[in-house]
Structures are given as structure tokens and as C-alpha cells.
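Below: the structure, in C-alpha cells.
None of the figures in this text is laboratory data; all of them are computed from the coordinates on show. On a predicted model such as this, the values are computed, not experimentally measured, just so you know. Glycine also receives a Cβ, built like all others from the backbone with ideal geometry; neighbour counts cover every protein chain displayed.
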Protein chains: 2
Amino acid sequence: MSKHSVEHASFIIERHYDFSPTVVFKAFSDPAHKRKWFVDGEGWTTDSYESDFRVGGFERSRFRFGDGPPMGNDTVYLDIVPDRRIVFAYSMLMGDTPFSASLATIEFLPDGNGTKLTYTEQAAFLDGKDQVKDREEGCRGLFEMLATYLDSAAKQA
Amino acid sequence: MSKHSVEHASFIIERHYDFSPTVVFKAFSDPAHKRKWFVDGEGWTTDSYESDFRVGGFERSRFRFGDGPPMGNDTVYLDIVPDRRIVFAYSMLMGDTPFSASLATIEFLPDGNGTKLTYTEQAAFLDGKDQVKDREEGCRGLFEMLATYLDSAAKQA
């Protein structure tokens with residue numbers, strides 16, 4: 001990899017949730033909900049989290065895995081259709097340096113009594129520090145965390 | 001097209017400029033320079049333009065073509081490597097409503113005595129209101145405007 005390489009790639013993840021689009025959408029739009037499945041994962045330390053869920057608003061988190069280096073996620077919302085669609089750009093940071101930038105589209109569609117979620121990520125991996133295979137695997141893990149969170153929240157309700 | 005469709009697509013534009021990466025980069029990084037070729041085109045009325053060229057900063061413009069409707073471009077910078085690379089996300093608006101969201105990467109590489117510019121756009125076209133063919137054509141027009149501007153600025157220097 002040259003010092004300032006860029007690798008462009010994209011992937012799509014589809015999955016079903018046994019909850020309505022309104023409930024699944026809220027797990028993204030409500031910062032208190034989102035933090036629980038998206039940020040505060042087992043083994044991760046959250047140094048900061050702030051979210052301003054509106055078009056032009058930022059969501060910024062800073063975190064570490066175990067004794068690992070400080071990392072970050074800076075998200076900016078580009079399009080929001082309540083219960084239906086979220087489009088956002090996000091960069092992943094090691095310290096203060098971005099190592100990827102992505103455009104992400106999440107579509108929520110009724111699917112029987114639940115929701116079909118379609119996630120499309122179009123990414124630029126910077127300077128050889130990440131790759132699409134690992135990113136897709138990481139995202140699949142997050143959507144699994146969301147399923148666990150929705151099940152758990154429903155049982156507590 | 002359904003009411004809330006999304007079409008994902010990408011394209012690449014490569015072109016040579018007879019000026020150094022430093023000069024070509026400055027036409028993007030300096031708001032006074034960028035406005036001249038990117039915003040104030042013939043036939044267009046610029047209602048507002050503001051730019052904050054830094055990671056996390058926005059560039060926002062509002063404009064109309066002839067007697068057409070008010071349109072907008074909201075850009076947010078995600079990664080900047082001086083004279084080498086700019087990564088940004090941008091949405092195009094009709095009134096206040098986004099009709100596309102894109103991730104764009106511009107790479108500047110020395111090419112003889114000039115610069116090879118590589119532009120990669122990964123886009124989501126929203127609700128059937130634009131398409132990749134027209135977007136690519138529009139971008140090619142802007143990069144031609146940049147060539148004209150650089151030639152003109154060099155003659156005035």
C-alpha cells in the first residue's frame with residue numbers, strides 16, 4: 001500500500017427483525033437506545049458519546065477495546081425519513097486520524113409482522129488500514145447486537 | 001420508482017491539469033477560489049455560499065438555474081491530506097429535501113509537470129429524482145470549469 005492509498009468498495013446486509021419498522025427505527029434514532037447496542041459492547045470502554053439525530057447533525061463516539069488505542073466514529077446524518085430510511089456518512093478514526101469514510105443507507109420495510117432492514121455501505125478505506133471484509137463482518141456483528149437488544153428490551157417492557 | 005426508493009451507483013473521473021497538485025488542491029481548499037469555478041457558473045444565481053474547509057466542517061451553497069427552483073449542496077469534509085486527498089460527503093437538495101447523498105474522494109497525484117486528478121463518487125440517489133448518468137455528466141462539466149478557471153487565473157497572475 002502506498003502512503004496515501006484509497007480502496008473503494010461496497011457491501012449490502014439484509015436481515016429480518018421481529019419488530020415493527022417504528023421500533024427498529026427508534027433503536028437508531030433515540031440516542032439512549034442506540035448507545036446500548038451500538039456503543040457499549042462487551043469488552044469496549046466508551047470514553048464519550050454524543051448524538052444529534054437530525055439532518056446535518058453529528059453523532060460522535062470515542063472508545064477503546066480492552067487495552068487498545070483510542071478510536072472514534074464520527075457520523076453525520078444526510079437524510080432521514082422517519083420509520084423508513086436513514087442516510088449518513090461516517091468516518092472511523094484511530095486517534096484523530098480517519099482510516100475510512102463511508103456513505104451508509106439503512107432502509108426499513110415492513111416484512112410480515114416485522115421489519116426487513118437493508119444496510120448498504122459504500123466505503124473508502126484510507127491508507128491500507130482497513131478492508132471491506134472486516135468492515136462487513138463488523139457490521140454484521142452490530143446488527144446481531146441490535147437483534148439481541150430488541151429481544152431484551154421487549155422482555156423488559 | 002416507489003415513493004422512497006434508493007439507487008446506489010458509483011463512477012470515476014480522471015483528468016490531467018497542467019498545474020501542480022498544490023495549485024489544483026488550492027482551487028478546492030480556498031473558498032474564494034472554489035466559489036469562482038464551482039458555484040458562480042454562467043446562468044446560475046448564487047443565493048448563499050459558505051465554506052469551512054476542515055475535517056468536520058461544512059460547505060453549504062444555495063442556488064438557482066435561470067428561473068428554476070431553489071437548490072442546494074451541503075458538503076461535509078471527512079478527510080483532508082494537503083495537496084494529496086480530499087474525502088467528503090455531500091447531499092444535493094431541491095428546496096430543503098435531499099435527492100442524493102454521496103461520498104466523494106478526490107486524489108491529486110503529480111503527473112509530469114502537472115496533476116492527475118482522480119474523482120470517485122459513490123452515490124445514493126433518493127426517490128428517483130436523479131441518476132448516475134446525469135451526475136457523472138455534471139461532474140465532468142465542473143472539472144472542465146476548473147480547467148478553464150486554472151488557465152484564466154494563470155494568465156492573470
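Against the empirical 2.2 N^0.38 Å scaling, what ratio does the C-alpha Rg of the protein assembly as shown come to?
Working: Rg = 20.4 Å, N = 314, 2.2 N^0.38 = 19.6 Å.
Compared with the compact-globule rule of thumb, the protein assembly as shown sits at 1.05.
Rounded to the nearest 20, the size of the Cβ-charge dipole of the protein assembly as shown about its Cα centre is 180 debye, with Lys and Arg at +1 and Asp and Glu at -1. Under 13 Å from the Cβ of B:Asp127, count the other residues' Cβ atoms, weight Lys and Arg +1, Asp and Glu -1, and hand me the total. Combined, the nearby Lys, Arg, Asp and Glu give 0. Using a 7 Å projection from Cα along Cα-to-Cβ, the label point at B:Ser5 is separated from the same position in the remaining copies by 3.7 nm, smallest value first. With its label point put 7 Å out from Cα toward Cβ, B:Thr45 sits 5.7 nm from the same residue's point in the other copies, in order from shortest. Filter A:Lys34/B:Lys129; B:Lys26/B:Lys133; A:Lys36/B:Lys3; A:Lys34/A:Lys116; A:Lys129/B:Lys133 down to the pairs with a C-alpha to C-alpha distance above 21 Å, please. Those over the limit are A:Lys34/B:Lys129; B:Lys26/B:Lys133; A:Lys36/B:Lys3; A:Lys129/B:Lys133. Restricting region B:42-127 to GluC sites (Glu not before Pro) that sit in a DSSP loop and have at most 14 other Cβ atoms within 10 Å of their own Cβ leaves B:Glu42.
Farthest towards the positive end of the charge dipole of region A:1-138, among the residues A:Trp44, A:Pro70, A:Thr118, is the Cα of A:Thr118, using unit charges on the Cβ of Lys, Arg, Asp and Glu. Contact order, relative form, for region B:27-157: 15 percent (alpha carbon pairs under 8 Å, 6 or more residues apart, mean separation divided by residue count).
The dipole here belongs to region B:1-83: it is taken about the Cα centre, uses +1 on the Cβ of Lys and Arg and -1 on the Cβ of Asp and Glu, and is about 120 debye. The long axis of helix A:132-156 is offset from the longest Cα principal axis of chain A by roughly 30 degrees. Set against the 2.2 N^0.38 Å expectation for a compact globular protein, chain A has a Cα radius of gyration ratio of 1.04. For A:Val6, the amide hydrogen comes within under 5 Å of the amide hydrogens of A:Asp127, counting only partners 5 or more places away or on other chains and with H modelled in the peptide plane.
In terms of Cα atoms, the Rg and Dmax of region B:89-138 work out to 13.9, 44 Å. Across region B:93-98, rounded Karplus estimates of 3J(HN,Hα) from the backbone phi angles (6.51 cos²θ - 1.76 cosθ + 1.60, θ = phi - 60°) give 10, 10, x, 9, 9, x Hz, Gly and Pro being marked x.
Relative to the Cα centre, the charge distribution of chain B, modelled as +1 at Lys and Arg Cβ and -1 at Asp and Glu Cβ, gives a dipole magnitude of about 180 debye. For B:Ser100, nonlocal amide neighbours, meaning residues 5 or more places apart or on other chains whose placed amide H falls under 5 Å from its own, are B:Met92, B:Leu126. Ordering B:Ala104, B:Ser61, B:Met92 by the projection of their Cα atoms onto the charge dipole of the protein assembly as shown, which places +1 on the Cβ of Lys and Arg and -1 on the Cβ of Asp and Glu, puts B:Ser61 at the extreme positive end.
Across region A:15-26, coupling constants 3J(HN,Hα) worked out from phi with the 6.51/-1.76/1.60 Karplus curve, θ = phi - 60°, read 7, 9, 10, 7, 9, 5, x, 4, 5, 5, 4, 4 Hz, and Gly and Pro carry x.
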